[in-house]
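Below is one structure, written out as structure tokens; comments come after it.
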Amino acid sequence: MKKRSKSIQKLLYLIAVTAVFSCNNKADRTEEKEADSGRVKTPVTVTKVQVTTLNDSIELNATSIFLQSNYVKSNINGYVQAVDVKPGEFVAQGKPLFTIVTKESLVIGNSISSLDSSFKFDGVNKIKATTHGYITQLNHQVGDYVQDGEQLAVISEAGSFAFLLNLPYELRPYVLNKKTVELSLPDGVQLRGYISSVMPTVDSASQTQPVVIKVDSKIPIPQNLIAKVHIIKDLKAHAQLLPKSAILSNEAQTSFWVMKMIDSVTAVKTEIQKGIELNNKVEILNPIFSPDDLILVTGNYGLPDTAKVIIEK
């Protein structure tokens, strides 16, 4: 009977001790929960890593130009009797441009013809275009007296139209090993250009080398128009991009990191290796992020290595 009584007492003692420990653990968990709920959470916004093909490119200016010009000259001394073109007009090869009549024909031509009808002397000479192109200069008008060899007009040869790119010498490897380049005109028109030739000279001051770029265009392009030439220096497939605002660094710009979400309320510091920067995007070389990883883009500055946050939508 005494043994049974002692056993009951031991059992009651164990139950009491267990109850005390349970109460203490519950109280501890309650305190931790209250402390956690009272911790300040920083409002943030997040983004996912963008995976795309990255073009590292530069832009240079190229100027439209007619590489060859045809100088229309008088072949006799006389007066300009007719001008059959105007500035800016496109002329085909063989088109009459000027009519020049000699001084002698004005003085004696008609009188001699009246005495001898078999004698034909009109002293009139027609000058024609020897190439296709645009009249970019018109030097004489009707009534002007011109001498043999004097310039009458200038035809900019249509077939010689091109863009002239003054290429910095250090960028030669990015251009001269390509057959085509992309050009953008000021009005937004995009053109494909073909590298035609490279001039064997370098400007001593700017250290640039002229490169001739031919274009196929159905619309006429004026001379001295400046176009943007897009030169691709590097092409990377499957590049990871993040907004520049997501990248944090130390004062010396020697260490870089982002704040990555590991659950719905916790962000941790993650070291990264940067690649190239393009506009407002930064290439991330390492680590390789998951498509579902969330990276802080606002509210991330000044956070500790592990921080409680609230994601705002």
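The values are calculated or read from the model by the stated rules, or taken from the named source; none is laboratory data. Everything numeric here is computed off the predicted structure, so don't read it as measured data. A quick note on method: Cβ atoms are made from the backbone with ideal geometry, for glycine too, and the neighbour counts reach across all protein chains shown. What goes into the accessible areas is simple: the full protein's heavy atoms, side chains included, and nothing from ligands, DNA or RNA. Shrake-Rupley method; radii C 1.70, N 1.55, O 1.52, S 1.80 Å.
List of remarks:
- Taken over segment 265-303, the criterion of being within 30 Å of the chain's Cα centre (by Cα), part of a loop (DSSP other than H, G, I, E, B) and touching a residue at least 40 places away in the same chain (Cβ under 8 Å) is satisfied by 288, 289, 291.
- Condition check for residue 271: at pLDDT 90 or above and out of contact with any His (no Cβ under 9 Å at 6 or more places or on another chain): yes
- Residue that is over 23 Å from residue 220 (Cα atoms) and modelled with pLDDT of 90 or more, where the choices are 78, 123: 78
- Set 201, 136: member being touching a residue at least 60 places away in the same chain (Cβ under 8 Å) and open to solvent by 60 Å² or more (accessible area, probe 1.4 Å): 136
- Test for residue 233: is it among the basic types (Lys, Arg), in contact (Cβ under 8 Å) with a residue 12 or more places away in the chain and touching a helix residue (DSSP H, G or I) at 6+ places or on another chain (Cβ under 8 Å): yes
- Counting the residues of segment 204-232 that are over 27 Å from residue 136 (Cβ atoms), open to solvent by 20 Å² or more (accessible area, probe 1.4 Å) and either charged (D, E, K, R) or not in a loop (DSSP other than H, G, I, E, B) (or both) gives 2.
- Some residue of segment 143-157 being open to solvent by less than 30 Å² (accessible area, probe 1.4 Å), among the β-branched types (Val, Ile, Thr) and under 22 Å from residue 229 (Cβ atoms): no
- Among the residues making up segment 233-256, a single one is among the small types (Gly, Ala, Ser), part of a strand (DSSP E or B) and surrounded by 15 or more Cβ atoms within 10 Å (Cβ to Cβ): 239.
- Check on residue 131, at pLDDT below 95, open to solvent by less than 80 Å² (accessible area, probe 1.4 Å) and in a loop (DSSP other than H, G, I, E, B): yes
- Members of segment 160-182 that are open to solvent by less than 70 Å² (accessible area, probe 1.4 Å) and assigned to a helix (DSSP H, G or I): 160, 171, 172, 175
- Residue count for segment 58-77, restricted to those that are surrounded by 15 or more Cβ atoms within 10 Å (Cβ to Cβ), in contact with a Leu (Cβ under 9 Å, 6 or more places away or on another chain) and polar (S, T, N, Q): 2
- Selection from segment 57-79 of residues that are of a type in the set (A, V, I, L, M, F, W, C), in a strand (DSSP E or B) and touching a helix residue (DSSP H, G or I) at 6+ places or on another chain (Cβ under 7 Å): 66
- Among the residues of this structure, residue 246 does not count as one that is under 30 Å from residue 136 (Cβ atoms), modelled with pLDDT of 95 or more and not charged (D, E, K, R).
- Of the listed requirements (1) under 30 Å from residue 134 (Cβ atoms); (2) free of Cβ contacts under 8 Å to residues at least 12 places away in the same chain; (3) of a type in the set (A, V, I, L, M), residue 252 misses just one: (1).
- Per-region count, segment 190-238, residues modelled with pLDDT under 90 and over 12 Å from residue 64 (Cα atoms): 13
- Residue in segment 84-92 that is at pLDDT below 95, open to solvent by 70 Å² or more (accessible area, probe 1.4 Å) and assigned to a strand (DSSP E or B) present: yes
- So residue 262, is it without any contact (Cβ under 8 Å) to a residue 40 or more places away in the chain and open to solvent by 60 Å² or more (accessible area, probe 1.4 Å): yes
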